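To start, the structure under review is shown below, and the notes come after it.
Coordinate-derived values only; no laboratory data. Every value quoted in this text rests on a predicted model; they were computed, and no experiment measured them. Because the Cβ atoms are built from the backbone with ideal geometry, glycine has one as well, and the counts that use them run over all protein chains shown.
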Amino acid sequence: MLITLKNEIKMTDILVYITSGLGAVFVLLAAIGTLRMPDQYLRISVNTKAATLGVGLLLTAAALFFLETSVTTRVIAVIIFIFITAPVGAHLIGRTSYFIGNPLWGKSVTDDLKDKYNKTTHELKSHKEEQETDDENKSKS
């Protein structure tokens, strides 16, 4: 006769608790960061990194909880999709914000696009193009 305990905790249960707890903490940190950061660019950065990791951990907890192939493959597909699209979306939002003139935080140290973006023509020069322009100006002098 096999006797089993009803309150037995399995290793997968512990992993579900850990991953879901960490995921919830990262999502909470993303929410706090969104409220605490001084400008849109820092909010985008904090939110993208912490929320992506938090959602990934929560989805991993769901896959560990169900332990079914169909659920696990869907979770993996969603995690890959989120890890690819979240940074791209954040980059596009930040770039658009810069182009429409959303100001940087007053204590920002560098503005990498300051001399590379022409607001009237909406052209963005690369570092190489900027060096070529500087070389042409020096040769004319």
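Worth a mention:
- Note on the range 68-92: residues that are among the hydrophobic types (A, V, I, L, M, F, W, C), surrounded by 12 or more Cβ atoms within 10 Å (Cβ to Cβ) and more than 12 Å from the chain's Cα centre (by Cα) amount to 5.
- Some residue of the range 43-52 being within 30 Å of Thr121 (Cβ to Cβ), of a type in the set (A, V, I, L, M, F, W, C), part of a helix (DSSP H, G or I) and out of contact with any Lys or Arg (no Cβ under 8 Å at 6 or more places or on another chain): yes
- Apart from one condition, Ala30 fits all of (1) over 30 Å from Pro103 (Cα atoms); (2) under 15 Å from the mean Cα position of the chain (by Cα); the exception is (1).
- Selection over the range 62-107 of residues that are touching a Pro at 6+ places or on another chain (Cβ under 9 Å) and more than 14 Å from Ile44 (Cβ to Cβ) gives a count of 2.
- Restricting the range 95-117 to residues that are surrounded by 12 or more Cβ atoms within 10 Å (Cβ to Cβ) and basic (Lys, Arg), the residue that is nearest to Asp39 (Cα to Cα): Arg95
- Any pair with Cβ under 6 angstrom, 6 or more apart, that starts in the range 86-110 at a residue that is within 21 Å of Ala50 (Cβ to Cβ) and ends at one that is assigned to a helix (DSSP H, G or I) and of a type outside the set (Val, Ile, Thr): Gly94/Tyr41; Ser97/Gln40
- Residue in the range 8-16 that is surrounded by fewer than 18 Cβ atoms within 10 Å (Cβ to Cβ), acidic (Asp, Glu) and assigned to a helix (DSSP H, G or I) present: yes
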